[in-house]
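Everything below concerns the one structure shown next.
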Amino acid sequence: MTGHVLITGASGFIGRALVADLAAAGHPVRAAMRQPADIFARTVEVVAVSDLTRPVEWRALLKGIETVVHLAGIAHAGLEIAEQAYDRVNRLATAELAEAAQRMGVKRLVFASSIRAQSGPVASSVLDETSAPLPTDAYGRSKLAAEQAIRASNVPFTILRPVLIYGPGVKGNLARLARLAKSPWPLPFGSFSNRRSILGRQNLIDAIHFSLRTPATQGETYVVADPEPLTLAEMVAALRAGQGRPPGLLPVPLTPIAAAFRAMGKTELWDRLGGELIVNPARLMQAGWRPPVATRDGLAAMGREHRDA
């Protein structure tokens, strides 16, 4: 990859680490964020971008840009967000960016979509790029529609569909799991045998690097996950190993746990805990991607972070 690269969503969980990584590697980076802040090296050009609920003047941001990594959007934040908001921010803003990038002669647009463009929180079979896209919520539908808009724009693209991402500073369910693992008490997860694919943040960043520098990824869509799916019990064990502790897991029957979650109206959360979602990244690996961080090592690092917090 040569030339300037524009990163949208530069202050987010993925964007901040990606900007720092690209800048450290010597790439000229333009970091776009809603509230510019002095958080990057002096070599990084920080620019303001308006809230994506309104049209953005993408051409000004794309001037002199060779490649784009589009991370900005509404994350999977739950059912309280209207479908129209997901559509405006995740689909329409992406479509407008792709069209502007095509007109401005951008050589590659890498789009961070989501496995939720392809599946709900559980899947009855292993997912790969040949699996039919069947999103089950507004977030997933908006991501799938954004992918379709990128393909229709004729801009040179690579689309990545990552699974749930972990790493230092992660929020959401994995952060809650890390806090649980920090507790001194045994946890009732010993009977969980369902496996779930997750993805280290550094592994996703490496996949983005790979997509930008590899001509064969142009025009392709890839699912992205760590190669080894883990059970919930194995995740907790890895987190606690990072704290220098034994797993401390109790083999509690799953039926009453599932019933309790459903009684509280937490069916989707139970699906995320007790359901299976395995994603096979073989196609991206066959193209040459090699995730640098092993899943258990990455979770152990998270466990150490929470221990020391």
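The values are calculated or read from the model by the stated rules, or taken from the named source; none is laboratory data. Please read all numbers here as calculations on a predicted model, not as lab measurements. Cβ sites come from the backbone with ideal geometry, for glycine too, and all protein chains shown count toward neighbours.
Values as computed for the structure displayed
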{"item": "Enumeration of residues in region 86-111 that are within 17 Å of Gly9 (Cβ to Cβ), touching a Gly at 6+ places or on another chain (Cβ under 8 Å) and of a type outside the set (Ser, Thr, Tyr)", "result": "Val89, Asn90, Ala93"}
{"item": "Residue within region 201-209 that is assigned to a helix (DSSP H, G or I), out of contact with any helix residue (DSSP H, G or I) (no Cβ under 7 Å at 6 or more places or on another chain) and surrounded by 24 or more Cβ atoms within 10 Å (Cβ to Cβ) present", "result": "yes"}
{"item": "Segments classed as strands (runs of 3 or more DSSP E), wholly inside region 92-200, with at least 1 members that are within 17 Å of Glu220 (Cβ to Cβ)", "result": "108-112, 157-162"}
{"item": "Residue list for region 115-138, restricted to those being closer than 14 Å to Pro162 by Cα and at pLDDT below 95", "result": "Gly120, Pro121"}
{"item": "Residue in region 34-53 that is of a type in the set (D, E, K, R), in contact with a strand residue (DSSP E or B) (Cβ under 9 Å, 6 or more places away or on another chain) and under 28 Å from Ser131 (Cα atoms) present", "result": "no"}
{"item": "Check on Glu99, under 29 Å from Gly3 (Cα atoms) and surrounded by fewer than 19 Cβ atoms within 10 Å (Cβ to Cβ)", "result": "yes"}
{"item": "Condition met for Ala85 (modelled with pLDDT under 95, surrounded by fewer than 19 Cβ atoms within 10 Å (Cβ to Cβ) and under 15 Å from the mean Cα position of the chain (by Cα))", "result": "no"}
{"item": "Some residue of region 41-55 being closer than 20 Å to Ala101 by Cβ, of a type in the set (Lys, Arg) and touching a residue at least 24 places away in the same chain (Cβ under 8 Å)", "result": "no"}
{"item": "In region 41-91, the residues that are of a type in the set (A, V, I, L, M) and outside any loop (DSSP other than H, G, I, E, B)", "result": "Val46, Val47, Ala48, Ala60, Leu61, Leu62, Ile65, Val68, Val69, Ala85, Val89"}
{"item": "Selection count where residues are surrounded by fewer than 20 Cβ atoms within 10 Å (Cβ to Cβ) and closer than 19 Å to Glu147 by Cβ, scope region 57-82", "result": "3"}
{"item": "For Ala233: the one exception among (1) over 24 Å from Ser183 (Cα atoms); (2) surrounded by 17 or more Cβ atoms within 10 Å (Cβ to Cβ); (3) small (Gly, Ala, Ser)", "result": "(1)"}
{"item": "Of the criteria (1) surrounded by fewer than 18 Cβ atoms within 10 Å (Cβ to Cβ); (2) within 14 Å of Pro121 (Cβ to Cβ), which one Trp270 fails", "result": "(1)"}
{"item": "Which numbered condition Arg262 fails, given (1) among the basic types (Lys, Arg); (2) surrounded by 15 or more Cβ atoms within 10 Å (Cβ to Cβ); (3) farther than 14 Å from Ala123 by Cα", "result": "(2)"}
{"item": "The listed residue being in contact with a Ser or Thr (Cβ under 7 Å, 6 or more places away or on another chain) and modelled with pLDDT under 95, out of Ala60, Ala23, Ala41", "result": "Ala23"}
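Matching residues to (1) surrounded by 22 or more Cβ atoms within 10 Å (Cβ to Cβ); (2) farther than 16 Å from Ile278 by Cβ:
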site: Ser113; (1), (2): yes, yes
site: Arg141; (1), (2): no, yes
site: Arg151; (1), (2): no, yes
site: Pro162; (1), (2): yes, no
site: Gly167; (1), (2): yes, yes
site: Val170; (1), (2): no, yes
site: Arg176; (1), (2): no, yes
site: Leu180; (1), (2): no, yes
site: Arg213; (1), (2): no, yes
